[in-house]
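Here's the structure we're looking at; comments come further down.
The values are calculated or read from the model by the stated rules, or taken from the named source; none is laboratory data. If you're wondering where the values come from, they're calculated on a predicted model, not measured in any experiment. Please note: Cβ atoms are built from the backbone with ideal geometry, for glycine as well, and neighbour counts cover all protein chains shown. Just the protein is used for accessible areas: all its heavy atoms, side chains included, with ligands, DNA and RNA removed. Shrake-Rupley method; radii C 1.70, N 1.55, O 1.52, S 1.80 Å.
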Amino acid sequence: MTTAVIYSNGSQECERIAQLLESISTEFHRYDLGRHFEQHQFEMEFGGDAEYPQVSLGNKHIGNMKDTLHYLKNMNMLDK
């Protein structure tokens, strides 16, 4: 598995997707709002209407929690 990256604001959705990604990834990086980045940086990177969490796998930006679950299911990564 490639490296997973999550941009989190500490919400339940962020915690859940972090646990899932940790369980299927060999390497995992988490960036937390207020510690590693500020809200304006998040908006500049992902857009003003972007939702938390934002997830990338390897060099591919996947998106929010729903996008990530859909991607992982389509890639058969949840069946392991």
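Being touching a Leu at 6+ places or on another chain (Cβ under 7 Å), in contact (Cβ under 8 Å) with a residue 12 or more places away in the chain and aromatic (Phe, Trp, Tyr) is the requirement here; does residue 37 meet it?
On the way: touching a Leu at 6+ places or on another chain (Cβ under 7 Å): no; in contact (Cβ under 8 Å) with a residue 12 or more places away in the chain: yes; aromatic (Phe, Trp, Tyr): yes.
Answer is no for this residue.
Determine, yes or no, whether residue 50 is out of contact with any His (no Cβ under 9 Å at 6 or more places or on another chain), on the phi < 0 side of the Ramachandran plot and part of a loop (DSSP other than H, G, I, E, B). Yes. Scanning segment 42-62 for residues that are in contact with a strand residue (DSSP E or B) (Cβ under 7 Å, 6 or more places away or on another chain) and free of Cβ contacts under 8 Å to residues at least 40 places away in the same chain turns up 42, 46, 62.
Residue-wise test of (1) in a strand (DSSP E or B); (2) at pLDDT 95 or above; (3) open to solvent by 20 Å² or more (accessible area, probe 1.4 Å).
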| residue | (1), (2), (3) |
| --- | --- |
| 15 | no, yes, yes |
| 18 | no, no, no |
| 23 | no, no, yes |
| 40 | no, yes, yes |
| 79 | no, no, yes |
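Note on segment 1-13: among residues that are at pLDDT below 95 and among the hydroxyl-bearing types (Ser, Thr, Tyr), the one that is nearest to the chain's Cα centre (by Cα) is 3. Whether any residue in segment 28-37 is assigned to a loop (DSSP other than H, G, I, E, B), at pLDDT 95 or above and out of contact with any strand residue (DSSP E or B) (no Cβ under 9 Å at 6 or more places or on another chain) is what I want to check. Yes, the conditions are met somewhere in segment 28-37. Within segment 58-76, being surrounded by fewer than 16 Cβ atoms within 10 Å (Cβ to Cβ) and among the polar types (S, T, N, Q) holds for 59, 74, 76.
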